[in-house]
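See structure below.
The values are calculated or read from the model by the stated rules, or taken from the named source; none is laboratory data. None of these values were measured; they are calculated from a predicted model. Glycine gets a Cβ as well: all are built from the backbone with ideal geometry, and neighbour counts include every protein chain shown. Heavy atoms of the whole protein, side chains included, go into the accessibility calculation; ligands, DNA and RNA do not. Shrake-Rupley method; radii C 1.70, N 1.55, O 1.52, S 1.80 Å.
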Amino acid sequence: MEIIVTVGLMQMRARVLDAVKWLRVRKTFGRLHEKARYPRVEKGCSFVQSSRIAVGSHVHIMAFAALRADAVGHIELDDHATICNFSIVQSVGGVIRIGQRTSIGDFCSLFGQGGLTIGSDVMVASCVQIVANSHTFDDLEKPISEQSCRAHGIRIDDEVWIGTNVVILDGVHIGKGAVIGAGSVVNKDVAAYAIVAGVPARLLRYRPGAEIAATVD
């Protein structure tokens, strides 16, 4: 009898905690028409300017991730997108769009000042830095921190695989189906279906069947 009562209390407590969590998500993202459109939000997540964060259906935001929009910029997560543990997505006055079924790995940093668009079915491994702006440093009389920024934007097309610890710099376009090797620094455009690696990233080869795939696309 005591065991049954204890299990019952544990189940009740779990339901109460689930209800509190649900209400917190509703408060953060406003009143949406379908329950499926509320993201699955794990513990420790933080949101800034949540009214400027748009989410699709079945979005998953994992533990301690941070989404930071602002009065000028905004963030859009399409259906089934995933932001993994401890990652930061920050608009910095720009627009960040993340496509369907795209996964942003643990400990990533995405900054969208010049605009950042990531397509569908993109795999971003852990500790990737994607920075859509850069500092100017031409004036030797002023500290670099006081000089202006350039922000051209970054575009990553569908089905790209980005390895761990990659850095993608402002002004880059990565074509469909490209593969970026771990630890690379990408400072130039990458062609569709190309495999690149290195610092700076350089072309190693193209994926098998790339010419046929490019013709079909």
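C149 satisfies every condition listed in (1) at pLDDT 95 or above; (2) open to solvent by 40 Å² or more (accessible area, probe 1.4 Å); (3) over 14 Å from the mean Cα position of the chain (by Cα) except (1).
Scanning the stretch 63-73 for residues that are in a strand (DSSP E or B) and surrounded by fewer than 19 Cβ atoms within 10 Å (Cβ to Cβ) yields a single hit, A66. Checked against the criterion of being surrounded by fewer than 19 Cβ atoms within 10 Å (Cβ to Cβ), touching a residue at least 24 places away in the same chain (Cβ under 8 Å) and not acidic (D, E), the candidates H60, H80 yield just one match: H80. In this entry, I104 passes the filter for residues that are at pLDDT 95 or above and under 20 Å from A178 (Cβ atoms). Taking first residues from the stretch 144-164 that are over 19 Å from Q129 (Cβ atoms) and partners that are open to solvent by 100 Å² or more (accessible area, probe 1.4 Å), the Cβ contacts under 9 Å between residues at least 6 apart in sequence or on separate chains come to Q147/F137; Q147/D138; E159/M123. Within this structure, L140 passes the test of being on the phi < 0 side of the Ramachandran plot and open to solvent by 90 Å² or more (accessible area, probe 1.4 Å).
Of all residues in the stretch 176-190, those satisfying the criterion of being open to solvent by less than 50 Å² (accessible area, probe 1.4 Å) and under 15 Å from P208 (Cα atoms) are G177, A178, V179.
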